[in-house]
Amino acid sequence: FKTCPGRVLCKVPCSGEKEVDLAVQSAKAAFKIWSQMSGMERCRVMLEAARIIREQREEIATLETINNGKSIFEARVDIDVSWQCLEYYAGLAGSLAGEHIQLPGGSFGYTRREPLGVCVGIGAWNYPFQIACWKSGPALACGNAMVFKPSPFTPISVVRLAEIFTEAGVPKGLFNVVQGGAATGQFLCQHPDVAKISFTGSVPTGMKIMEMAAKGIKPVTLELGGKSPLIIFSDADLENAVKGALMANFLTQGEVCCNGTRVFVERKILDTFTKEVVKRTQKIKIGDPLLEDTRMGALINRPHLNRVQGFIKQAKEQGAEVLCGGDLYVPDDPKLKNGYYMRPCVLGNCKDDMTCVKEEIFGPVMAILPFDTEEEVVERANATKFGLAGGVFTRDIQKAHRVVAALKAGMCFINNYNVSPVELPFGGYKSSGFGRENGRAAIEYYSQLKTVCVEMGDVESVF
């Protein structure tokens, strides 16, 4: 592969109902083998997969950059997070256990933590390889099989993950990849042999998946959209807060579900903060994502670029001021001229009722909003249908904990942003979904408890 902005990289066959059934049946057969292995046996295989990813970090990161358009600098971080995820769940695989409960008269009970069966993972296009690891790590650690469908916009790198799992020694078919769009996803969700669905993507698609899963009474994990608040108090370390705001808005060209795109700034530092943010934003290096000094690559495709541009146009019509960026960017390199590039945008003079403040843009667009009091900003921060993330910058640690406790969001940051260690659970409140990725919490969503009650004496019958 080479960087080919605006051109076809490759073509993949779309998986229809027949191919989906073959994938599920293959996973079902592999599940019988994998689920009977001990936790330590699964641990060793997963550690080997993590080792291969770590060893091939540069090759996979390059593949992911071509797949998605993000900078190679970021793609390397994604690959590191991916192998760390598999290592983490490999470590948990050997420690999964139930509990023993003593009952009267020498009787006792115990619980068994058992796998669900064939789980479906449906990924998004912003973190293709990483999301596949986030979903497969806990699934495989618990003894499940997985059929994974990547986004049709980023079909490439997850196939490499499937090859790596096979090289590491998982039973053939344990991690299967199917390709396609909504129809393929529908076949997966409605398949009678699928035990669970984990989806990352938009709210409307999440709602449809939940409806389909309900008909089969299948558990779901939904990691959906966000319009997260980032609150900057006047006592914050300004340098750190500015860096946090950039991290909260411009990673992966702004195509991150938990981005803190509503930046609330205490009025007494509004001008100083805004000036510095604009200055730093204008210095962000845009261009060929495979170059070492590039910090912002291309957006995912032309329709999405047009959509983001439409939000900026509407923001101006509603009274927002474009403080920098927002226009298309054409790199000097002629081979990049058809790429989907834009300059990162900072919007000032924003109001809470503007479309750019209420709706998820999913692009490099930051909206700055002034506030005066803690009580006021918390109320405004929570006035959204979303609840994925939130951030607070302040030197007052009591205030920081007080505010994050009041935020209706599943992932909160204090004096940092967009840090997602695999050890910590990740997921949302409200329309941002439910269930959790990462941490020990994910084990709960990829396993089920069986209770066994053992009587050591005679049955006490009432008959």
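The values are calculated or read from the model by the stated rules, or taken from the named source; none is laboratory data. These numbers were taken from a predicted model, which means no experiment stands behind them. Every residue, glycine as well, gets a Cβ built from its backbone with ideal geometry; the counts of neighbours run over all protein chains shown. Ligands, DNA and RNA are stripped out before the accessible areas are found, and what is left, the full protein with its side chains, is counted by its heavy atoms. Shrake-Rupley method; radii C 1.70, N 1.55, O 1.52, S 1.80 Å.
Results, tabulated for the structure shown:
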{"read-out": "19 Å Cα-Cα reach of Lys215 towards lysines, excluding residues that sit fewer than 8 places from it in its own chain", "value": "Lys196"}
{"read-out": "For the range 175-209 and the range 229-250, distance of Cα centres in Å", "value": "36 Å"}
{"read-out": "For the chain: span of alpha carbons on each principal axis (Å, largest first)", "value": "78, 51, 39"}
{"read-out": "Protection proxy ranking of 245-253, 403-411 - average other beta-carbon atoms within 10 Å, highest first", "value": "245-253, 403-411"}
{"read-out": "Peptides ranked, highest mean first, by Cβ atoms within 10 Å: ranges 47-54, 287-294, 348-355", "value": "47-54, 287-294, 348-355"}
{"read-out": "Inter-label distance for Glu317 and Lys268, nm, one decimal - labels placed 7 Å from Cα along Cα-to-Cβ", "value": "4.0 nm"}
{"read-out": "Part-to-part distance (alpha-carbon centres) for the range 106-128 and the range 314-349, which is given in Å", "value": "43 Å"}
{"read-out": "Share of carbon and sulfur in the accessible heavy-atom surface of the chain [1.4 Å probe, %]", "value": "55 percent"}
{"read-out": "Over 28 Å between alpha carbons, listed pairs Lys243/Lys316; Lys243/Lys351; Lys18/Lys450", "value": "Lys18/Lys450"}
{"read-out": "Full-extension gain in nm, Met37 to His100, via 0.36 nm per residue minus C-alpha separation", "value": "20.5 nm"}
{"read-out": "Estimated FRET transfer efficiency (Leu9, Thr111; beta-carbon r; R0 45 Å; 0.05)", "value": "0.40"}
{"read-out": "Heavy-atom accessible area per residue - the chain, 1.4 Å, Å²", "value": "43 Å²"}
{"read-out": "Peptides 368-380, 149-161, 214-226 ordered by average Cβ neighbours within 10 Å, highest first", "value": "149-161, 214-226, 368-380"}
{"read-out": "Normalised per residue, the volume of the convex hull around the Cα set of the range 229-414 (Å³)", "value": "110 Å³"}
{"read-out": "Average Cα contact separation per residue, the range 229-414, under 8 Å, 6 or more apart, as relative contact order %", "value": "28 percent"}
